[in-house]
1. Does Gly273 meet the test of being in contact with a Leu (Cβ under 6 Å, 6 or more places away or on another chain) and within 30 Å of Pro155 (Cβ to Cβ)?
2. If I go through the range 39-48 residue by residue, how many of them are surrounded by fewer than 21 Cβ atoms within 10 Å (Cβ to Cβ) and touching an Asp or Glu at 6+ places or on another chain (Cβ under 9 Å)?
3. Suppose we filter Ile241, Ile248 for residues that are among the hydrophobic types (A, V, I, L, M, F, W, C), within 24 Å of Val22 (Cβ to Cβ), open to solvent by less than 50 Å² (accessible area, probe 1.4 Å) and at pLDDT 95 or above; which single one remains?
4. Just for strands (runs of 3 or more DSSP E) wholly inside the range 1-53: which have at least 2 residues that are in contact with a strand residue (DSSP E or B) (Cβ under 7 Å, 6 or more places away or on another chain), of a type in the set (S, T, N, Q) and more than 24 Å from Ser226 (Cβ to Cβ)?
5. Out of the helices (runs of 4 or more DSSP H) lying entirely within the range 64-173, which hold 3 or more residues that are surrounded by fewer than 24 Cβ atoms within 10 Å (Cβ to Cβ)?
6. Examine the range 191-200 for a residue that is part of a loop (DSSP other than H, G, I, E, B), surrounded by fewer than 24 Cβ atoms within 10 Å (Cβ to Cβ) and at pLDDT 95 or above, and state whether such a residue exists.
7. Please find, within the range 174-190, the residue that is nearest to the ligand (Cβ to nearest atom) out of those that are open to solvent by less than 10 Å² (accessible area, probe 1.4 Å) and of a type in the set (Ser, Thr, Tyr).
8. Take Phe336 and tell me if it is within 30 Å of Ile84 (Cα to Cα) and open to solvent by 20 Å² or more (accessible area, probe 1.4 Å).
Amino acid sequence: DGDVYKYYSDGEWKKSSSGKSVSIVNPTTRKTQYKVQACTQEEVNKVMETAKVAQKSWAKTPLWKRAELLHKAAAILKDHKAPIAECLVKEIAKPAKDAVTEVVRSGDLVSYCAEEGVRILGEGKYLVSDSFPGNERTKYCLTSKIPLGVVLAIPPFNYPVNLAVSKIAPALIAGNSLVLKPPTQGAVSALHMVHCFHLAGFPKGLISCVTGKGSEIGDFLTMHPSVNCISFTGGDTGIAISKKAGMIPLQMELGGKDACIVLEDADLDLVAGNIIKGGFSYSGQRCTAVKVVLVMESVADALVEKVNAKLSKLTVGPPEENCDITPVVSESSANFIEGLVMDAKEKGATFCQAYKREGNLIWPLLLDNVRPDMRIAWEEPFGPVLPVIRINSVEEGIHHCNASNFGLQGCVFTKDINKAILISDTMETGTVQINSAPARGPDHFPFQGLKDSGIGSQGITNSINMMTKIKSTVINLP
Ligand code: G3H
């Protein structure tokens with residue numbers, strides 16, 4: 001059936017024996033855009049088997065050769081940026097320009113990973129025994145970094161290509177094999193990306209991509225005995241996975257409620273620009289989006305006015321036309337966002353714009369005078385709606401930030417760098433940005449969440465290290 005995209009197993013594109021498919025609904029038209037195979041548990045077993053076999057010889061492949069293939073894949077990926085970006089536009093309604101940026105950024109990430117990998121994996125340690133009390137220099141310890149085995153990568157819908165390669169490239173350079181389970185929205189973009197790796201000529205079975213229903217293969221994949229590491233980005237599912245997974249390393253990046261703390265001396269034009277970029281790019285569907293503004297009362301009116309002026313200039317419409325605000329990923333997501341907005345309305349928030357929705361398209365909205373009893377003060381809308389909480393002291397802002405069950409990133413705006421660093425030290429988040437909106441990139445920076453925002457640290461170097469184990473060999477002298 002030519003209408004259903006094939007899945008990738010053992011170096012080949014295959015139809016599932018299930019005879020079933022999963023539909024991908026275009027968020028803009030709300031009609032089925034693509035179909036992918038609904039893989040079975042037997043097919044997952046087969047993929048795991050080939051992944052295990054392929055990994056053994058891949059681990060023995062010289063590092064420079066692994067790097068060479070990754071560089072090749074990166075170049076092919078960049079060459080294919082246009083068709084992949086087109087899929088991103090249709091599957092997840094990412095504005096056309098941002099879709100291209102995602103693919104280019106992904107190519108750069110893969111290349112950087114290859115370069116970083118040959119360096120950090122190209123050296124080990126040499127230790128001598130007589131530094132520990134009671135020992136003579138009779139033992140020499142040599143360490144190196146060895147692969148974990150089969151890495152399972154589960155990226156989210158908002159970066160189906162970029163957050164897939166941020167797992168694939170470190171896994172491969174470190175000598176692991178990789179099984180990818182793309183999000184349903186974004187699966188076809190991911191399959192195209194995998195095709196670039198296929199064209200680069202990686203050994204059969206080293207990379208696989210299975211598509212299908214979470215209910216059918218989700219738990220089966222994450223609890224599979226052949227999986228030696230899970231790298232997941234997404235929502236609450238990550239918490240469930242971490243409870244079910246075996247004794248294997250987990251890399252998890254879950255939600256966030258990134259706070260933007262604005263002090264009285266802040267450059268309000270700079271803040272407003274960053275609130276627009278941080279809160280509304282890709283319609284707020286980023287884990288690192290600004291999700292609550294905590295502004296000192298004395299400058300709140302001025303800031304809200306500046307943000308509103310910029311907000312009114314945002315274009316709203318289809319991703320093909322490069323609009324700033326595009327339809328959110330699904331109807332259920334739009335309904336959830338609407339629920340948060342209505343709750344805030346009932347509890348007395350000030351709407352700076354009229355609430356407007358058509359299908360999955362929600363117009364950008366700033367909600368002023370939000371209070372802690374409103375759901376939107378704590379929950380992650382993943383949409384173009386942003387609450388503003390007015391604070392009377394910096395401590396009040398920090399307290400709100402730290403009372404969240406999330407701890408991904410946060411930002412603070414002030415001209416006083418000393419104050420900013422002290423505030424950063426007290427904010428319980430994986431990263432604090434001073435005078436800029438939260439963001440994951442540049443992609444070699446460490447990226448991590450505290451509390452319910454994640455396990456472990458990402459960023460190219462950290463991911464390569466996380467996907468390896470230390471192996472020691474000790475030489476004992478007589
Ligand atoms: O959605 C989660 C992403 O890791 C955020 O990445 O800061 O580059 O948008 P970004």
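1. Spelling it out, it is not the case that Gly273 is in contact with a Leu (Cβ under 6 Å, 6 or more places away or on another chain) and within 30 Å of Pro155 (Cβ to Cβ).
2. 3
3. Ile241
4. Passing ranges, in order: 21-25, 32-37.
5. In the range 64-173, 81-92, 96-120 are the helices (runs of 4 or more DSSP H) which contain 3 or more residues that are surrounded by fewer than 24 Cβ atoms within 10 Å (Cβ to Cβ).
6. So far as the range 191-200 goes, no, none of its residues is part of a loop (DSSP other than H, G, I, E, B), surrounded by fewer than 24 Cβ atoms within 10 Å (Cβ to Cβ) and at pLDDT 95 or above.
7. Ser189
8. yes
The values are calculated or read from the model by the stated rules, or taken from the named source; none is laboratory data. Quantities reported herein were computed from a predicted structural model and do not represent experimental measurements. When we count neighbours, we look across all protein chains shown, and the Cβ atoms used for this are built from the backbone with ideal geometry, even at glycine. With ligands, DNA and RNA removed, areas are computed over all heavy atoms of the protein, side chains included. Shrake-Rupley method; radii C 1.70, N 1.55, O 1.52, S 1.80 Å.
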